[in-house]
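*Asks:* Could you have a look at this structure, given as structure tokens, before my questions?
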Amino acid sequence: MSLMADTLTIAAVSAGLFFFLAGTVGLLRFPDTLTRLHALTKADNLGFGLIVLGLLPQSPDVASGLKLVVVWLLVQLAGASASQLIAQFASKGGPSA
Amino acid sequence: MSLLPDFALMLLILIAAVWTVSARDRRDSVIGFIVVGLLLSLAWIRLNSVDVALTEAAVGGGATGLLLLRACARLGPNETEGVSLKVSLRILTGVLCTVVAVALATIVLYPIEPAPTLAPTAAAHMGEIGLGNPVTVVLLAYRAIDTLLEKVVLVLALIGVWALTPDPLWGGAPGSLRAQHSSGPLTFLAQVLPPVGIVIGVYLIWNGADRPGGTFQGGTVLAAMWLLVMMADLREPPEIRLHTLRRLVVLGPVVFLVAGFAGFWIANGFLSYPPDLAKPIIVLVEAALALSIAVILGMLVAGPAARAPR
């Protein structure tokens, strides 16, 4: 049972790290603000989601697991809102100063 | 092997710090400062100081960063270039920083053996106070006078900001915190997040008795929720002449002082608590302090009055 949980953890966290790597490469390489944001949201949503998924089998009790899920949901909300704000700002002409 | 992440973190902090100091644009350096704050809070977690990490993230990165960003927005773009220190002042700053760095390095590399510590004594008496978080015990029982003065300083800071109000506007409301363009996502966030944020803030305050957390962290989260609502223009900042607002500002220090003076009668001196009542008193003081911190931080960011009282 613990072997299965560990395998799931390793697989999910590795996949999550891959998305973070891909997101960072995209952030550095993509040509404009909107595509860079697109790359970043992949890291935030999928990468962080997979890492939380991977950590769930390791949490000692249900309450800690739920806290992890709440953290993931809050990061989703914050990330999505911040991306929208940056995108709106960029589409209105970007930083004026 | 386990030191590798720590070295990476140290390198990142140094890079971010150098970038913050050398950034040309004022706003860039404020953003660098916020990044340094977040990285430092990770470093505190690596040192197992979760209380300090939470404070650093909430106050060092979050609240201070927001204050500095507001200050940047307040200063005109013309004032950006005017900041150039004299060479002698730069050299003096460099020398002082080097002295501090060398002193810290000496202490870390050649520690006194055994290190002077009050930790065993502090831990031995925790049971008498009935709290499980040693940091809260030190802040509110052993060194309560420091904590009290800290909160009074916050009130003084707010009075200082309010004192910048021009005479005709005295008593009015601070300028609107609204963003230049109204934004659907921001309004949505300001409607969805506060209920969750308030629960988390109260949880941090309540949790502070036995586990990492506390008044300052929880109060800052509450202030952040209030500021979010003001920035999304769902609520205007209140007028600074309002008595309710002013009572909330001094509530925390007043409750703390009353509890302190009560110590003369119910225990053996200023700011000492009778053992069986210690926990209820501390929790009451913490709740009042957190409320005051939230209001003070919110009004500090909102700034001096910018509109005449209605």
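*Asks:* Among (1) open to solvent by less than 10 Å² (accessible area, probe 1.4 Å); (2) out of contact with any helix residue (DSSP H, G or I) (no Cβ under 8 Å at 6 or more places or on another chain); (3) in a loop (DSSP other than H, G, I, E, B), which single condition is B:Ile240 missing?
*Replies:* Here B:Ile240 clears every test but (2).
*Asks:* Take B:Arg307 and tell me if it is in the same structural domain as B:Ile198 (by TED's automatic domain parsing) and in a helix (DSSP H, G or I).
*Replies:* Considered against the rule, which asks whether it is in the same structural domain as B:Ile198 (by TED's automatic domain parsing) and in a helix (DSSP H, G or I), B:Arg307 comes out as no.
*Asks:* I've got another one for you. Residues in the stretch B:176-206 that are open to solvent by less than 20 Å² (accessible area, probe 1.4 Å) and more than 10 Å from every other protein chain (Cβ to nearest Cβ): how many?
*Replies:* Total meeting the criteria: 3.
*Asks:* What number of residues in the stretch B:14-51 are under 23 Å from B:Gly201 (Cα atoms), modelled with pLDDT under 90 and assigned to a helix (DSSP H, G or I)?
*Replies:* 2
*Asks:* May I pose another question? Being open to solvent by less than 50 Å² (accessible area, probe 1.4 Å) and within 11 Å of chain B (Cβ to nearest Cβ) is the filter here, so list the residues in the stretch A:65-78 that pass it.
*Replies:* A:Leu77
Conditions (1) part of a helix (DSSP H, G or I); (2) surrounded by 14 or more Cβ atoms within 10 Å (Cβ to Cβ); (3) within 14 Å of chain B (Cβ to nearest Cβ); (4) not basic (Lys, Arg), marked per residue:
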{"residue": "A:Thr7", "(1), (2), (3), (4)": "yes, no, no, yes"}
{"residue": "A:Ser14", "(1), (2), (3), (4)": "yes, no, no, yes"}
{"residue": "A:Ala22", "(1), (2), (3), (4)": "yes, yes, no, yes"}
{"residue": "A:Arg36", "(1), (2), (3), (4)": "yes, yes, no, no"}
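*Asks:* Given A:Ala43, A:Ala90, which one is in a helix (DSSP H, G or I), open to solvent by less than 80 Å² (accessible area, probe 1.4 Å) and within 14 Å of chain B (Cβ to nearest Cβ)?
*Replies:* Every option except A:Ala90 fails the conditions.
*Asks:* A further question follows. Is there a residue in the stretch B:171-180 that is in the same structural domain as B:Thr244 (by TED's automatic domain parsing), within 30 Å of B:Leu257 (Cβ to Cβ) and either in contact with a Phe, Trp or Tyr (Cβ under 6 Å, 6 or more places away or on another chain) or among the aromatic types (Phe, Trp, Tyr) (or both)?
*Replies:* No, every residue in the stretch B:171-180 fails to be in the same structural domain as B:Thr244 (by TED's automatic domain parsing), within 30 Å of B:Leu257 (Cβ to Cβ) and either in contact with a Phe, Trp or Tyr (Cβ under 6 Å, 6 or more places away or on another chain) or among the aromatic types (Phe, Trp, Tyr) (or both).
*Asks:* Could you say which residue among B:Ala163, B:Ala144 is out of contact with any Lys or Arg (no Cβ under 9 Å at 6 or more places or on another chain), over 20 Å from B:Gly62 (Cβ atoms) and surrounded by 14 or more Cβ atoms within 10 Å (Cβ to Cβ)? First the steps, then the outcome.
*Replies:* Working: B:Ala163 fails: surrounded by 14 or more Cβ atoms within 10 Å (Cβ to Cβ).
Being out of contact with any Lys or Arg (no Cβ under 9 Å at 6 or more places or on another chain), over 20 Å from B:Gly62 (Cβ atoms) and surrounded by 14 or more Cβ atoms within 10 Å (Cβ to Cβ) holds for just one of B:Ala163, B:Ala144, which is B:Ala144.
*Asks:* Something else about it: With B:Gly130, B:Gly184, B:Gly197, B:Gly172 as the choices, which residue is on the phi > 0 side of the Ramachandran plot and not basic (Lys, Arg)?
*Replies:* Going through B:Gly130, B:Gly184, B:Gly197, B:Gly172 in turn, the sole match is B:Gly130.
The values are calculated or read from the model by the stated rules, or taken from the named source; none is laboratory data. Everything numeric in this text was worked out from a predicted model, so none of it was measured. Ideal geometry is used to build each Cβ from the backbone, glycine not excepted, and the neighbour counts take in all protein chains shown. Accessible surface areas use protein heavy atoms only, side chains included; no ligands, DNA or RNA. Shrake-Rupley method; radii C 1.70, N 1.55, O 1.52, S 1.80 Å.
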